[in-house]
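Okay, so here's the structure we're looking at.
Derivation of every value follows stated rules applied to the coordinates shown; laboratory data play no part. Everything quoted here is computed from the prediction, not taken from an experiment. Every residue, glycine as well, gets a Cβ built from its backbone with ideal geometry; the counts of neighbours run over all protein chains shown.
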Amino acid sequence: MEHFTGRKVATIDATSIAVAHGLGTRTVPIVNTTMAGAIARALGLSLTDILAALEHLNFTGSNETCAHEAFKQVQSRNVAGEIHQPQKLTAPARAADMFGDNLGGMPKIKTGSWATEKPERRELTPPCNQICPAGNDVRGFIDAVGKQDFDGALQILLETSPLPAVCGRVCPAPCMDGCNRAEFDESVNVREIERAAAEFGTRPEPTRSTRDAAIAVVGSGPAGLSTTYQLAKLGYPVTLIEADEELGGVLRTGIPAYRLPRDVLDEEIDYILRHDVTVHTGCQLKREDMLRLSREYQAVFVATGLQNVSDLDLGEAGSITAPIQGLQFLENVRTGNERLDDQRVIVIGGGNTAMDAARSALRIGAKEVRVVYRRTRSEMPAIFEEIEQAIEEGIILDELVSPVRLSDSENGSLLTCQGMVLGPPDDSGRPRPIADTSPEARFDLPCDLVILALGQSHDISILPEGSVIKEGEALLGLSGAPFYVGGDFATNEGTVSAAIGCGVRAARHIHRTLSGEDLFPTSAEPVATSEVIKFHRFEHQPREAINTLNPATRQCSFDEVHLGFEAGPNGAGAVSEALRCLSCGVCNQCDRCLEYCPEGILRREANDGGYVFDLEYCKGCGVCMTACPRGAIYMTGL
Ligand SMILES: Cc1cc2nc3c(=O)[nH]c(=O)nc-3n(C[C@H](O)[C@H](O)[C@H](O)COP(=O)(O)OP(=O)(O)OC[C@H]3O[C@@H](n4cnc5c(N)ncnc54)[C@H](O)[C@@H]3O)c2cc1C
Ligand code: SF4
Ligand code: SF4
């Protein structure tokens, strides 16, 4: 009562009256008409007038009974003393501050005692985070870009991946396939936002080695680079050993510059090396070298990729040039040793190598390029966008076609082909291609060059005899240091992001073996599936437009095809694309819960420290849970 000195105070147990007459429940009582009766009495109004008003508004039956009872039961008294002046309000910084602490105190009745449930905050795993093979905190870096904090976004990316500018260009982006926004309009363009973070963010200063245990990494593709980077960040002196003269693995020797410009790759590799890394290039290691390394270093990591290429017997091709392997062809193009002016080229295969070889052939003068593939386009392992862009550039895709024989003709070579149909699934889960038995299903395609892109496999002859490859387990049979393998060599997952993720795990395994410290996450929160997202609380918005070179220019140039977001300077397009992210399962302080809480019992902590529920006053109605657009609040029993 000390708060009400000098005032007349009237009290009524409105909840009990309302609930006794079936108006709402104990958790959510509906006390409006009960309070009308009580207030009438406290203000000295007539009960008849109040009942007439209620009838006029069609609040009859229990509503009138409650008003009547409240009118009779109100108790009033005058509290002695001086009237306290109310606290002066400060101007609200944001609209939602009208619900903040500075608007006086909470009501004195602790309505929290009515509750049977209470709201709790949670942080679920966004699907994009769960799917990203590199282990990126996708939602986190997108959130930072949305706040125009490109440095922060890059910092988040660099926790897991030293190659965000690379992945922002060549990753097939499974994160986008799993993005919840796809069920609403279009998935968030995560890959492009990642690229923008790498472009507009500033990298922190590299760290120096602080530990004694020296580690050798063999192979400088994305798996080797990622392991090197993670170990160097942990303070280990790392020696990176590579067979080629330059670092990068397939990123340099396979993926053409029109998809991944060399200066972009060089910049990211340079940053990794500045973490105190020693490099030996031009060192093609053999089995005995591996044994030596295991004695010279405290741990060895091998990620030598897929070095064996699959061949195809197309018979004796007489005077015609023999088919060339796709990877060799790409290497020749890269080093400027190949021209195909006015030639007709056939590429056999449906993966990334096939598409890159076909598009490169066009760029070095071929007048016609066909890709023959024995299944259909939807079964092709190549990245979807690459197939689309190849077709835009004029490459002919012959689906359900299998090569049989290469022979000479007066006018160059002839590739005899067999039409196929799809049968039941094979061991790979894809429909098995079966020869079409109709007479017209066999036909010849004239050509001047055939490029084979039929896949690759690992060469385990560099490992100790009898080695069994298991990612994350040190190889047995070596007397020296623990010896781990990873990347495509161990898993054949076939993407840059998977190789990066493999590097993160390899570094943690090695660190745990050497130091005893376990950096693996102990648990993962459940995934925020689309069921927890309140799509009706969001507005539709199309993806930000992307700039690409026009197909005619592309056909004769190795300039980058993809030019990033169209809109505005300084990453404006990336910021507005990032704002499309629903922040699945993670509170991004949108204030919805605060604004919708009918009791005003939520408080935002200073410095964006999140929200606090005042459970002494929370009736457990669950409005905040239904208001939260991203499933970051749930109700739990008391
Ligand atoms: C043409 C092509 C295009 C591709 N396009 C894409 C794409 O767009 N997006 C995508 O995500 N993935 C793509 N991929 C797949 C991706 O490049 C690979 O999955 C990835 O590079 C695997 O990384 P890695 O580090 O395991 O192996 P690699 O990149 O193959 O690196 C292995 C490294 O080990 C070195 N090495 C091998 N043997 C020895 C030895 N004995 N001693 C020393 N060093 C050795 C090699 O020289 C090489 O540098 C493509 C692959 C190809 C072939
Ligand atoms: S690396 Fe690939 S999967 Fe991961 S966030 Fe980037 S684009 Fe998505
Ligand atoms: S909307 Fe955002 S948080 Fe949700 S899956 Fe897509 S990118 Fe991830």
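One table, with the values for the structure above:
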read-out	value
Interchain or long-range residues, amide H under 5 Å from Val371's placed H	Val347, Ile396, Leu397, Asp398
Neighbour cut-off at most 15 other Cβ (10 Å), DSSP loop, trypsin sites (Lys or Arg not before Pro), region 312-388	Arg339, Lys367
Debye-sum result for region 201-357 in log10 I(q)/I(0), which assumes one identical scatterer on each alpha carbon, at q = 0.13, 0.16 Å⁻¹	-0.72, -0.96
Cα-projected label distance for Thr376 with Arg77, points at 7 Å along beta-carbon direction, nm	8.4 nm
Nonlocal amide H pairs with Gly24, under 5 Å, H built at 1.01 Å	Ile30
Relative contact order %, region 455-614, counting alpha carbon pairs below 8 Å whose residues are six or more apart	11 percent
Note, ³J(HN,Hα) from phi for region 459-474, Karplus 6.51, -1.76, 1.60, rounded to Hz, x at Gly and Pro	10, 8, 5, 7, 9, x, 4, x, 5, 10, 7, 9, 4, x, 10, 5
Charge sum, other residues only, whose C-beta stays under 13 Å from Ala303's C-beta, Lys/Arg counted +1 and Asp/Glu -1	-4
Relative contact order, percent, region 316-457 [alpha-carbon distance under 8 Å, six or more residues apart]	30 percent
Residues Phe535 and Arg7, FRET efficiency given R0 of 56 Å [Cβ-Cβ distance, rounded to 0.05]	0.70
Neighbourhood net charge (15 Å Cβ-Cβ; Lys/Arg +1, Asp/Glu -1) for Pro237	+1
Options Ile391, Gly455, Gln328, ranked by Cα towards positive dipole end of region 316-457, top entry (Cβ charges)	Gly455
Projected area, mean over directions - the chain, Cα convex hull, nm²	40.9 nm²
Hz values of 3J(HN,Hα) by residue in region 400-406 - Karplus curve (6.51, -1.76, 1.60), Gly and Pro given as x	6, 10, 10, x, 10, 8, 10
Under 19 Å between alpha carbons - lysine pairs in the chain that sit 8 or more apart or on different chains	6
Net charge dipole size for region 136-261 [Lys, Arg +1 and Asp, Glu -1 on Cβ; Debye, nearest 20]	180 debye
Cα centroid separation - region 202-241 against region 29-56, whole Å	76 Å
Mean separation of Cα contacts under 8 Å, 6 or more apart, over the residue count of the chain: relative contact order %	19 percent
Separation in nanometres of the label points that stand 7 Å from Cα toward Cβ, at Leu519 and Thr210	1.2 nm
Theoretical FRET efficiency, 1/(1+(r/R0)^6), r = Cβ-Cβ of Asp342 and Val28, R0 60 Å, to 0.05	0.15
Within the chain: Cβ-based charge dipole about Cα centre, in debye rounded to nearest 20 (Lys, Arg +1; Asp, Glu -1)	2440 debye
Radius of gyration and Dmax over the Cα atoms of region 393-494, both given in Å	21.2, 63
Listed residues Gly24, Ile12, Gly37: farthest to the positive end of the dipole of region 2-78 (Cβ charges)	Ile12
Residue-averaged 222 nm ellipticity for the chain, from DSSP H runs of 4+ at -39500 (n - 2.57), nearest 500	-8500 deg cm²/dmol
Length gained when the stretch Arg442-Asp311 is fully extended (0.36 nm per residue, less Cα-Cα span)	45.0 nm
Cα-projected label distance for Ile324 with Glu186, points at 7 Å along beta-carbon direction, nm	3.7 nm
D_trans [Stokes-Einstein, Kirkwood Rh over alpha-carbon pairs] for region 316-457, 20 °C, 1.002 mPa s, µm² s⁻¹	139 µm²/s
Environment charge of Thr416, counting only residues whose C-beta is closer than 9 Å and scoring Lys/Arg +1, Asp/Glu -1	+1
